[in-house]
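Single-structure report; data block below.
The values are calculated or read from the model by the stated rules, or taken from the named source; none is laboratory data. Just so it is clear, the model here is predicted, and its values are computed rather than measured. Cβ placement follows ideal geometry from the backbone for every residue including glycine, while neighbour counts extend to all protein chains displayed. These area figures cover heavy atoms from the full protein model, side chains too; ligands, DNA and RNA do not enter into them. Shrake-Rupley method; radii C 1.70, N 1.55, O 1.52, S 1.80 Å.
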Amino acid sequence: MTAPKITLGIETSCDETGVALFSTQTGLIAHALHSQIDLHAVYGGVVPEIASRDHVRMLLPLIQQVMSEAGIEKPDAIAYTAGPGLTGALMVGGGMANGLGLAWDCPVVAVHHMEGHLLAPMLEEKPPEFPFLALLVSGGHTMLIAVRRLGEYEMLGTTLDDAAGEAFDKTAKILGLGYPGGPLLAALAEEGDDRAYSFPRPMLNRPNLDFSFSGLKTAVMLEIRKAEAAGSIDSCRADIAASFQRAAVDTLVGKAIRAAESEGLDRIVVAGGVGANRLLRSEIAERFSGEVYYPRFEFCTDNGAMIAAAGALRISQAKAATEIRAVARWPLDTLDVPATT
Ligand code: KG4
Ligand code: ZN
């Protein structure tokens, strides 16, 4: 299939409805995002049924919005997130993509959400070239991947327990911050002393490239209990947040640089929600001798633009609209290299 001129991207894997139009010639044309954070905040986490219903409510109006902003009546292809994610939420995007594909008689391509994240820096002015090392850090995943070319992904390390974003979110929760905790914890950390507590740098001294964050979470919890018992928690909160953030970032950066060096890769891509963390971005840029790439802040967390861009690259796999794919668990290293890239 020849490369499309304009791809409509649809993201509904979790708690954001993302829509975008991406041109193979000129890049991103328009994008829109609706966050469901307020809907889920009262429950302290994402409620799948509420997520699906809200995607149903928001998806079509957002598509109409970006199409009219861009002055486009019909795209040349449609890309949607087919997984991994919440099955019901994924089916909303998949159903809409296939319905529109039939109506517009245009091909539809199923995109892997994490591939979308790792290709998100391709939306920027100076995109990375292959090969590169990707540090993918989101609410559900922590992965170090050798990206040889589109679709050829070797998993070098992953988390043995909590994902990086999950560790931020859980630590934020025990610090009494809201949901989602990552950005709130990062903001509080700005006011604290990151040397106040010496928290463990999990697995940093082990030779492998895996991560584990549960020990760090427990260490933070013990300090919080101590401070609560001593009645000093209010004055300690920012220092605990800063020390936690420093320990988590040291671990992520240390392992990412080790992975790049051992694979002989001189480019690192940082992507996924935790990639919005300012300390992570500055530390890795400072300590790595090669080039570091990341998406702009708004494209670190879930969005439609990364799905449109990844879909445009995978258009050779697009099919006539018939099959709605929704895959809850989908290992990234099982993807294939598209025939024409
Ligand atoms: O990629 P993403 O939007 O959704 C998933 O696919 O999981 O990532 C969301 C995660 C959440 O855990 C959130 O707390 C975390 O990214 N996050 C951050 C920051 N911004 C978002 N963690 C640390 N620092 C941040 N500034
Ligand atoms: Zn994501």
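Within segment 290-299, can one find any residue that is among the small types (Gly, Ala, Ser), out of contact with any helix residue (DSSP H, G or I) (no Cβ under 6 Å at 6 or more places or on another chain) and surrounded by fewer than 18 Cβ atoms within 10 Å (Cβ to Cβ)? Let's see the steps before the verdict.
Start the filter on segment 290-299 by keeping residues that are among the small types (Gly, Ala, Ser), which leaves 290.
From the residues that got through so far, the ones that are out of contact with any helix residue (DSSP H, G or I) (no Cβ under 6 Å at 6 or more places or on another chain) too are 290.
From what's left, surrounded by fewer than 18 Cβ atoms within 10 Å (Cβ to Cβ): 290.
The answer is yes; a qualifying residue exists.
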For this session: Among the residues of segment 123-138, write down those that are in contact (Cβ under 8 Å) with a residue 40 or more places away in the chain and surrounded by fewer than 20 Cβ atoms within 10 Å (Cβ to Cβ).
Result: Glu124, Lys126, Pro127, Glu129, Pro131
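Return the residues of segment 112-141 that are away from ligand 2 (no atom under 12 Å from the Cβ) and touching a strand residue (DSSP E or B) at 6+ places or on another chain (Cβ under 6 Å); say none if nothing qualifies. Talk me through it step by step, then tell me what you get.
The initial filter retains those residues of segment 112-141 that are away from ligand 2 (no atom under 12 Å from the Cβ), namely 119, 121-135.
Those that are away from ligand 2 (no atom under 12 Å from the Cβ) and touching a strand residue (DSSP E or B) at 6+ places or on another chain (Cβ under 6 Å): Pro121, Leu123, Pro128, Phe130, Pro131, Phe132, Leu133, Ala134, Leu135.
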For this session: Given the conditions (1) over 19 Å from Met306 (Cα atoms); (2) at pLDDT below 95, report the number of the one that Glu125 does not fulfil.
Result: (1)
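Within segment 264-279, how many residues turn out to be assigned to a helix (DSSP H, G or I) and within 16 Å of ligand 2 (Cβ to nearest atom)? So that I can check it myself, show each step before the final result.
Residues of segment 264-279 assigned to a helix (DSSP H, G or I): 273-276, 278-279.
Imposing the further condition that a residue be within 16 Å of ligand 2 (Cβ to nearest atom) reduces the set to 273-276.
Qualifying residue count for the region: 4.
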Problem set entry | Residue that is farthest from the chain's Cα centre (by Cα) [pool: residues in segment 68-105 that are touching a residue at least 40 places away in the same chain (Cβ under 8 Å) and assigned to a loop (DSSP other than H, G, I, E, B)] | Ile72
Problem set entry | Meets criteria (open to solvent by 10 Å² or more (accessible area, probe 1.4 Å) and in a helix (DSSP H, G or I)) for Ser282 | yes
Seminar exercise, completed: Residues of segment 158-186 being under 22 Å from Ile233 (Cα atoms) and either out of contact with any Leu (no Cβ under 9 Å at 6 or more places or on another chain) or open to solvent by 60 Å² or more (accessible area, probe 1.4 Å) (or both), in sequence order, are Lys170, Lys173, Ile174, Gly176, Tyr179, Pro180, Gly182, Pro183, Leu184
Seminar exercise, completed: Taking segment 15-33 and keeping residues open to solvent by 40 Å² or more (accessible area, probe 1.4 Å) and within 15 Å of ligand 2 (Cβ to nearest atom) leaves Leu33
For this session: Among the candidates Gln64, Gln36, single out the residue that is among the polar types (S, T, N, Q), without any contact (Cβ under 8 Å) to a residue 60 or more places away in the chain and surrounded by fewer than 18 Cβ atoms within 10 Å (Cβ to Cβ).
Result: Gln64
